[in-house]
Each structure stands twice: as C-alpha cells, then as structure tokens.
Amino acid sequence: MNTRIIISIIMISLGSIAAMLPKTKNSSIQLKADELLREMKRQTYVISADELADLLINQDPSILLIDVRDSVDYAQYHLPGAINIPLKELLDPEWAPYVDQISQKNIFYSNGTTLSSEAWILTKQIGFRNNYILGGGLNKWFSTIIKPEFPATSAPSETWALYETRKAASQYFTGSKAADKEENAVILPPIPRKKKTRVQGGCS
Amino acid sequence: MGPIVPLFNVSNEINLLFAFIIGLGFGFVLEQAGFSSSRKLAGMFYGYDITVLKVFFTAAITGMLGLIFLNFMGLIDLDIIYINEYYITSSIIGGIIMGAGFIIGGFCPGTSFTAAAIGKIDAMWFVAGSIAGIFLFGEIYPLLESIYMSNYEGAVKISNILGIRDGYFALLLIIVASIMFWIGELAEKKFKREDISKEI
Amino acid sequence: MDPYIAGVLLGLVLLASFYLTGRGLGASGATRSIVVSGVSAIAPNHAENSEYFKKYLHDESPMKSWLVLEIAGVIIGGFLSGAWAGRLKLKVEHSPKITSRRRIMLASAGGLLFGFGSQLGRGCTSGAALTGMATLSLAGFVTMLAIFGTAFALAYFFRKNWI
C-alpha cells in the first residue's frame, strides 16, 4: 500500500503540472527566428548577377529561375528560362512541385530585392530548402551584365577583365541568338521534398 | 528533437535494431512483472491479483505524461508519432472478441511470447492458436471487409473529442487510476487466494 | 518486482520507443507477419490473391519488419528475465481444478479468438490499448475498454477454469 500512495502522489503531482501546460505545437522543421536571422546576416543565399550570368551561360541544369513579380511584369521581360510565380501565389499547391523540392536550386528574383527576399523568408520559414535570391534583382542585372559599367582608364586589369566578361555575357543575352536560348532552357522534373508524415505503427 | 528515426532519416537497419532493443526491454519488464503466468493475468478478473491493473495503467500514464512533457520541452514532435486510427465498429467488435480470448486463454499476444520464452507450454499453444486465428481472419476477410473498414474516424485523440488539453485529460485519468488502485487493493484483500498467489 | 515500479519501467520503454522510432509497442502484428510469411512460403499464389494477406507482402520478407524484430527482443528479454529470476521451467501452468489437457485446449481457443480479434481491432493490448492510451488516441481507449469489459463480463462463466 505504501508504494501505491507514493506512486499516486507522484502521478497526481506530475499530472497537475501537465494539466497546466499550454498546448504546444512543435514543428520539428520550422526554423527558429534567431536561426533565420543568422542565415540572413551571412547572406549565403544571395547569388550575384555575375554568378547568375555564369550559371546561365554554362547552361547549368540545376537551377530554376523564379520570377516573383506579377504576370504583367513577367510578360514584359523575364530572364531566360524563368518561370513566373507571383509572390502571393508562392504557396499555392499547383506550384508546389517547383518550390517544394530538393533537386534544384530555386533562384527568386524581382526588380530589386524586396519581393525576392520576402519569397526567400517565406519559403525558408516553412522549411523548403535550396532557395536563393538574385542579389540586386533585375535592376542590378541590367546595370552589371546587360549594360556593364565602362571602367575608368586608370582601373586595374582585373576590372577590365571583368568588364570584358560582362560585355560578352551581355552579347549572349541580348544578341541575335538570345531568343533561341529561351527554348533550350532545360527544366528538370523536380524531386519533391520529403514532407512531415506520420509514422506507421501499431500492430498494422 | 525526436522522434529520431523519421526526422534524421535513419536507415531501416538501425530502426530494426532499435526495435530489437526496445523488445528486449519490453520482454524483460513483462516477465519481471510476472506476466509470464496466465494465472496471474487472470487474477485481475477474479480479484486475487490486480497486477495487470497496476502495471497497465501505470505504464500508460507514464507514457502519456512522458509524451506531454517531452513535447512541452520541444524534444518530440507529436504530429509525427503514430496515433491509432479509429474505426468504430471493428475496434469495438475486435475488442470484444479479444476480451473473450483473454479470459479463456489467459494471455494476450505480448505476454504469450514472454511466457513461451520461459517455457510455459500453454503459452506456446496460445501463440499457435493466435497464428490459426489470424489465418482464419485472412481467409474469411472478404466477408468481413465491410465491417473492417466501416466508420473510419481518422486518428482522433480523446483530448480533441472532449475539447480539453492533453495534460488535463492525463490528470483526469490519473485521478481515476488512483481510485481504481485503491479499490483494487481492497478487492485483493477481500478475494485473497493464498493458495494461488503462492504458486504464481 | 513491485507492479507499480514495473509499470513505470514499461512506460519508460514505451516512451523510448516513441522517442527513438516514432511508434509504440506491438505484438499481434508480429504474429501476423509470421502467418503471412508462412502462407507465402507454402502457397505463394494464394498469398498474392488473398485480399488481406497481400497487403502485407512487400519486396522484402515480411519477417524483416519492425514488429518481428521487436518480438524477437521480447522473447529474448523474457528469457533473460526468467533465467535471472529462476523461473525457467517447461510446464503447463493450470489451476489444480482442471487438467493439463483442458488448459491446453483453453489456451488454444483463447489464442484463436485473440488472434482473430487482434486483426479486427487493429492491435492487441500492447499495440492498441497500451500504446493507444499513451498517445491519447480514441481507438486505444475504446479497444482497451472493450477488451477488459468483455473479459470482466465473461469471467463468471469461466471461473471454474481459474479459481
């Protein structure tokens, strides 16, 4: 009987504590706010215009450009091979195969960095991986690649080399053959990310 | 953060190793509790030995509180762990048939393996019987399929049905269990059977 | 061992199972895997055509499943405990009021019912009742009440076999 009383007291005490605990909803996949801030500070998810030009010229198949502006802006101009997912539709199920996958790098871009950063934070928070943004957006793209800045005559040779590279890239993207590249852009079938699913168990 | 196997993509082999180790603990504790004896198990229903009540409810409560506290501390994700799926008809009818099997056979599958492990021949026959029973179920399944699949409610939790917090329900269950332990121990004194208790 | 302590230990094993693998304990599923393996070995076509058994046929052997490994552990764990406590003995345990033979018949009949019922109920006392209660699942509670309620209700009719 002694054990019974001890056990009963312990159980009732612990039970009372448990009864007062709030209903916590854990998401094992959700990033905590401070982790998110750290990532943002490190800026590892930003791809520069030069890097992107390089990837596109080399026809890197592992990237997917996602234009997060609205469809009107997209129709007016978009980067070669980019698909259009307006920011407000980013979480729609029809786009899930493109956004929620682990095989390709998604590079969000917009005119500047506001919309693309928002897209990145949104998807990072939910737990989607492999998401990047184009640093500086289309504005930077234009001023760096399409219309690179002509260096001053006293500039060091590296700056001239960079200019030459950018000029060549500009040719690639705006020259007479630029339109063909659009059709050749490869979009691989995405591999979906493993979602949080309940474990099978019991005697089944 | 748990559970470990699903979240860290642990290989199937390690998962099976965990299963084995957990089984070792399970079997050891069952046998230590004396559940390798059908007469001890049956004692629950005749009053002379309420070990089943004590072990069963203490274990369920420990597990329940454990999950609640681990969840609160952010160490386990309750959305991922297995929750039994509720099929109203088959749960009840299956339970009734199992209840009959329990009082006639004096074992349940887990305890029958434990008892067979220490040499109880009746437990081995129970295992044989359960193999036959499962085979029989499989053979007449087409007749039972509609019953088996009817009234599916999903993996519902009691706390959701009653609209109260998990911890609150746990406390209620603990209070009920404490009362049951008290009444049970009184019953043990009243229905005492020294002759049986000596042997098991 | 004191039953309450044993209960706490069992609860901790259950908790460990959830923390490590995300699932609770079980037993009847292992017996089912044995049945499916047996049927598949003796009459593979029959197993594949059977509505129920074919659900449990996978590329790998049904014996390479979580529950079967767990039950293997249960058997060894039980054996070790029995050996340590000096309870190892090959015998038919029965009330002095009935014969060995009767006890074996009852055990077999009980097993038959329990095996059948465990499939219908999607679990046994370990998988449905114990694990189910720890996760606060309604199915667990209902099954637990059905099992124990029925056993209590029928206890009177089988009393001669036990006391």
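Key figures for this structure:
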read-out: Some residue of segment C:89-104 being modelled with pLDDT of 90 or more, facing another protein chain (nearest Cβ under 7 Å) and within 17 Å of the chain's Cα centre (by Cα); value: no
read-out: Wholly enclosed helices (runs of 4 or more DSSP H) of segment B:93-191 bearing at least 1 residues crowded, with 19+ Cβ neighbours inside 10 Å and more than 7 Å from every other protein chain (Cβ to nearest Cβ); value: B:109-117, B:121-139, B:166-190
read-out: Tally, over segment C:5-38, of residues that are more than 7 Å from every other protein chain (Cβ to nearest Cβ) and either in contact (Cβ under 8 Å) with a residue 12 or more places away in the chain or of a type outside the set (A, V, I, L, M) (or both); value: 5
read-out: Residue check for residue B:54: more than 7 Å from chain C (Cβ to nearest Cβ), part of a helix (DSSP H, G or I) and within 26 Å of residue B:122 (Cα to Cα); value: no
read-out: Subset of segment B:25-36 (residues that are at the interface with chain C (Cβ under 7 Å from one of its Cβ atoms) and under 16 Å from the mean Cα position of the chain (by Cα)); value: B:25, B:26, B:27, B:28, B:29, B:30, B:31, B:33, B:36
read-out: Hey, residue A:96 farther than 23 Å from residue A:140 by Cα and assigned to a helix (DSSP H, G or I) or not; value: yes
read-out: Single unsatisfied condition, residue C:75 versus (1) within 7 Å of chain B (Cβ to nearest Cβ); (2) farther than 18 Å from residue B:117 by Cβ; value: (2)
read-out: Scan of segment B:37-51 for residues that are outside any loop (DSSP other than H, G, I, E, B) and within 7 Å of another protein chain (Cβ to nearest Cβ), ordered by number; value: B:38, B:39, B:42, B:45, B:46, B:51
read-out: Selection count, segment C:149-163, where residues are at the interface with chain B (Cβ under 7 Å from one of its Cβ atoms) and either part of a helix (DSSP H, G or I) or modelled with pLDDT of 90 or more (or both); value: 9
read-out: Spans of helices (runs of 4 or more DSSP H) in segment C:1-108 with at least 1 residues aromatic (Phe, Trp, Tyr); value: C:3-21, C:66-85
read-out: Pick from segment A:102-117, criterion touching a strand residue (DSSP E or B) at 6+ places or on another chain (Cβ under 9 Å) and in a helix (DSSP H, G or I), ranking: nearest to residue A:64 (Cα to Cα); value: A:116
read-out: Residue C:2 surrounded by fewer than 22 Cβ atoms within 10 Å (Cβ to Cβ), more than 7 Å from chain B (Cβ to nearest Cβ), charged (D, E, K, R) and touching a Ser or Thr at 6+ places or on another chain (Cβ under 6 Å); value: yes
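The values are calculated or read from the model by the stated rules, or taken from the named source; none is laboratory data. Fair warning: this is a prediction, and the values are worked out from it, not measured in the lab. Don't worry about glycine lacking a Cβ; one is built from the backbone with ideal geometry, like all the others, and counts go over all protein chains shown.
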